[in-house]
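Peer 1: Mind looking over this structure? Questions follow.
The values are calculated or read from the model by the stated rules, or taken from the named source; none is laboratory data. Treat the numbers as computed from the prediction; the structure is a model and nothing was measured. Glycine also receives a Cβ, built like all others from the backbone with ideal geometry; neighbour counts cover every protein chain displayed.
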Amino acid sequence: MSPIRSRERFFDLLTTSAVSTWVSSTTPVRELARGYIAGDNLGVAMEVAADQVFKGLNFSVRFLADRATDRHQAAACTAEALAAINAIRARPELTGTAELSLALTGLGLDVDPVLAHDNAVTVIGAAQEAGILVTIDDEGPGDHDATMQVQRRLLKEYPDTGVVVQAARHDSLDQLDELITAGRRIRLCKGSYTGPPSVTLIRPHDIDLRMASCLRTLLTSPARPLIATHDPVFVAITERMMSSLGRTDVEFQMLHGIRPLEQRRLVDVGRRMRVYLPYGTNWYEYGIRRLVERPANLWLLSRSVVRHR
Ligand SMILES: Cc1cc2nc3c(=O)[nH]c(=O)nc-3n(C[C@H](O)[C@H](O)[C@H](O)COP(=O)(O)OP(=O)(O)OC[C@H]3O[C@@H](n4cnc5c(N)ncnc54)[C@H](O)[C@@H]3O)c2cc1C
């Protein structure tokens, strides 16, 4: 089985309710997973954001909401995004550095795509007034098509909205073709989710080749490239292409807790760097996804599961 497929199976096992109750209370796993989270609440996340800004980084906050299963939950998630906008607004030192990453499932995508759209409009409108950028996350193959439908509508109304392209999808280059337009903010990442073989590439080598093609397409386009990777190879290729193409508008993006020294190095050499700051008490699934992405963590995770059994 491909390492990516086994990683996804392991993630599925760790997020079943019986195992997750145990693993989330296992101290080393809990501590490691929480290293990827900016904090349990908005107040703490804002302190982390201010620290990043002090160090010369920009940031993107993401509230780790449950998937909304009714309008009430979707409204609560919308209210949290508006609270984040107000919290950023209240701190003048954060002016011009902030982005919100939005997961449409939190805003009601499962309940009704129209509801998710309307809630996103409320958030994007408020963010725009406050000078804060917004990017729509791609939550994986199960949500991709519904997300794209809502996103197409949002892009007509708010063309500055940032979008995500997961290189690992078979249709990633077609997606770039559809999305590329002058100035559009496009976040290119390898993609965290494995879908059926008809939807996503499975072999790491194939994903890397596709990432390279997407990178070339994006960097030679008039869109605004947001390169979301920790991979030293792709950081180096991006830097080399930036100098050969004379592009200075490229933004690097990395996740909180991953390669912080590299994040600082990029700032020190004059690159634009944004760190993604997820926050909230609902940290388990996000934290475990990050842990299984790193082979070095698998031993620790396997030991926790074996002890559980
Ligand atoms: C700002 C941002 C937003 C993102 N948004 C999305 C999204 O909307 N949808 C989506 O599917 N994916 C998203 N991703 C995740 C992305 O798709 C990858 O899963 C993730 O970034 C790992 O891929 P990589 O390019 O770093 O390469 P990899 O080959 O996975 O990793 C390269 C190197 O980075 C380091 N590294 C990577 N992951 C970890 C880790 N978890 N812990 C410790 N070290 C690590 C290791 O040194 C590794 O060798 C986002 C990533 C970023 C940075």
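Peer 1: Counting only residues that are within 10 Å of the ligand (Cβ to nearest atom) and either out of contact with any helix residue (DSSP H, G or I) (no Cβ under 6 Å at 6 or more places or on another chain) or of a type in the set (A, V, I, L, M) (or both), how many does region 277-286 have? Even if it seems obvious, please write down each step before you answer.
Peer 2: We begin by selecting, within region 277-286, every residue within 10 Å of the ligand (Cβ to nearest atom); these are 277-278.
Imposing the further condition that a residue be either out of contact with any helix residue (DSSP H, G or I) (no Cβ under 6 Å at 6 or more places or on another chain) or of a type in the set (A, V, I, L, M) (or both) reduces the set to 277.
Residues in region 277-286 being within 10 Å of the ligand (Cβ to nearest atom) and either out of contact with any helix residue (DSSP H, G or I) (no Cβ under 6 Å at 6 or more places or on another chain) or of a type in the set (A, V, I, L, M) (or both): 1 in total.
Peer 1: Those residues that are out of contact with any Cys (no Cβ under 7 Å at 6 or more places or on another chain) and crowded, with 24+ Cβ neighbours inside 10 Å, I need them from region 106-131; list them, please.
Peer 2: Initial filter on region 106-131 (out of contact with any Cys (no Cβ under 7 Å at 6 or more places or on another chain)): 108-131.
Selection gives 108, 109, 116, 119, 120, 127.
Peer 1: Mind counting the residues in region 54-80 that are within 16 Å of the ligand (Cβ to nearest atom) and either in contact with a strand residue (DSSP E or B) (Cβ under 7 Å, 6 or more places away or on another chain) or in contact (Cβ under 8 Å) with a residue 60 or more places away in the chain (or both)? Quick ask: steps written out before the conclusion?
Peer 2: Pass one, region 54-80, residues within 16 Å of the ligand (Cβ to nearest atom): 57-65, 67.
Of the ones still in play, those that are also either in contact with a strand residue (DSSP E or B) (Cβ under 7 Å, 6 or more places away or on another chain) or in contact (Cβ under 8 Å) with a residue 60 or more places away in the chain (or both) are 57-65.
Matching residues across region 54-80 total 9.
Peer 1: Among the listed residues 126, 90, which satisfies the condition of being within 23 Å of residue 226 (Cα to Cα) and over 17 Å from the mean Cα position of the chain (by Cα)?
Peer 2: Working: 90 fails: within 23 Å of residue 226 (Cα to Cα).
Step by step, each of 126, 90 is checked, and only 126 is within 23 Å of residue 226 (Cα to Cα) and over 17 Å from the mean Cα position of the chain (by Cα).
Peer 1: Something else now. In region 36-53, what count of residues is obtained for those that are free of Cβ contacts under 8 Å to residues at least 60 places away in the same chain and of a type in the set (Phe, Trp, Tyr)? Break it down into steps so the answer makes sense when it comes.
Peer 2: Of all residues in region 36-53, those free of Cβ contacts under 8 Å to residues at least 60 places away in the same chain come to 43, 46-47, 50-51, 53.
With of a type in the set (Phe, Trp, Tyr) added as a condition, the list becomes none.
Summing the residues that are free of Cβ contacts under 8 Å to residues at least 60 places away in the same chain and of a type in the set (Phe, Trp, Tyr) in region 36-53 gives 0.
Peer 1: Which of the residues spanning region 162-197 are in a loop (DSSP other than H, G, I, E, B), modelled with pLDDT of 95 or more and away from the ligand (no atom under 15 Å from the Cβ)?
Peer 2: The answer is 180, 181, 182, 183, 184.
Peer 1: Which one is nearest to the ligand (Cβ to nearest atom), of the residues in region 130-151 that are among the acidic types (Asp, Glu) and out of contact with any helix residue (DSSP H, G or I) (no Cβ under 7 Å at 6 or more places or on another chain)?
Peer 2: Within region 130-151, the subset among the acidic types (Asp, Glu) is 137-139, 143, 145.
Now narrow it down to the ones that are out of contact with any helix residue (DSSP H, G or I) (no Cβ under 7 Å at 6 or more places or on another chain): 137, 143, 145.
On the way: 137: 4, 143: 10, 145: 15 Å.
Only one residue fits best here, namely 137.
Peer 1: Do we have residue 126 as away from the ligand (no atom under 12 Å from the Cβ) and in contact with a helix residue (DSSP H, G or I) (Cβ under 9 Å, 6 or more places away or on another chain) here? Give the steps one after another, and end with the answer.
Peer 2: Details: away from the ligand (no atom under 12 Å from the Cβ): yes; in contact with a helix residue (DSSP H, G or I) (Cβ under 9 Å, 6 or more places away or on another chain): yes.
Yes.
Peer 1: Hey, another quick one. What pairs come out if I take residues in region 8-28 that are more than 25 Å from residue 204 (Cβ to Cβ) and pair them with residues that are assigned to a helix (DSSP H, G or I) and small (Gly, Ala, Ser) whose C-beta lies under 9 Å away, six or more apart or interchain?
Peer 2: 19/304; 22/304; 23/33; 23/304; 24/33; 24/287; 26/304; 28/304
Peer 1: Considering each of 266, 255, 261 in turn, give the residue that is within 11 Å of the ligand (Cβ to nearest atom) and either acidic (Asp, Glu) or in the same structural domain as residue 100 (by the TED database) (or both). Before you say what the answer is, go through the steps one by one.
Peer 2: Values: 266 fails: within 11 Å of the ligand (Cβ to nearest atom); 261 fails: within 11 Å of the ligand (Cβ to nearest atom).
Sole residue among the options that is within 11 Å of the ligand (Cβ to nearest atom) and either acidic (Asp, Glu) or in the same structural domain as residue 100 (by the TED database) (or both): 255.
Peer 1: State which residue pairs qualify: first residue free of Cβ contacts under 8 Å to residues at least 60 places away in the same chain and inside region 173-189, second residue surrounded by fewer than 20 Cβ atoms within 10 Å (Cβ to Cβ) and polar (S, T, N, Q) in any location, beta carbons under 6 Å apart, and separation of 6 or more residues or different chains.
Peer 2: 176/217; 180/221
Peer 1: Do you know which residues across region 198-219 are in contact (Cβ under 8 Å) with a residue 60 or more places away in the chain and more than 11 Å from the ligand (Cβ to nearest atom)?
Peer 2: Initial filter on region 198-219 (in contact (Cβ under 8 Å) with a residue 60 or more places away in the chain): 202-204, 207.
If the condition is that a residue be in contact (Cβ under 8 Å) with a residue 60 or more places away in the chain and more than 11 Å from the ligand (Cβ to nearest atom), then 202, 203 are the ones that fit.
Peer 1: Tell me the residue from 82, 100, 107 that is in a loop (DSSP other than H, G, I, E, B) and closer than 29 Å to residue 123 by Cβ, please.
Peer 2: Values: 82 fails: in a loop (DSSP other than H, G, I, E, B); 100 fails: in a loop (DSSP other than H, G, I, E, B).
One residue alone meets the criteria, 107.
Peer 1: Further question on the same structure: So which of 240, 294, 289, 274 ends up being near the ligand (Cβ under 9 Å from one of its atoms) and free of Cβ contacts under 8 Å to residues at least 12 places away in the same chain? Don't jump to the end; show me each part of the working.
Peer 2: Working: 240 fails: near the ligand (Cβ under 9 Å from one of its atoms); 289 fails: free of Cβ contacts under 8 Å to residues at least 12 places away in the same chain; 274 fails: free of Cβ contacts under 8 Å to residues at least 12 places away in the same chain.
It is 294.
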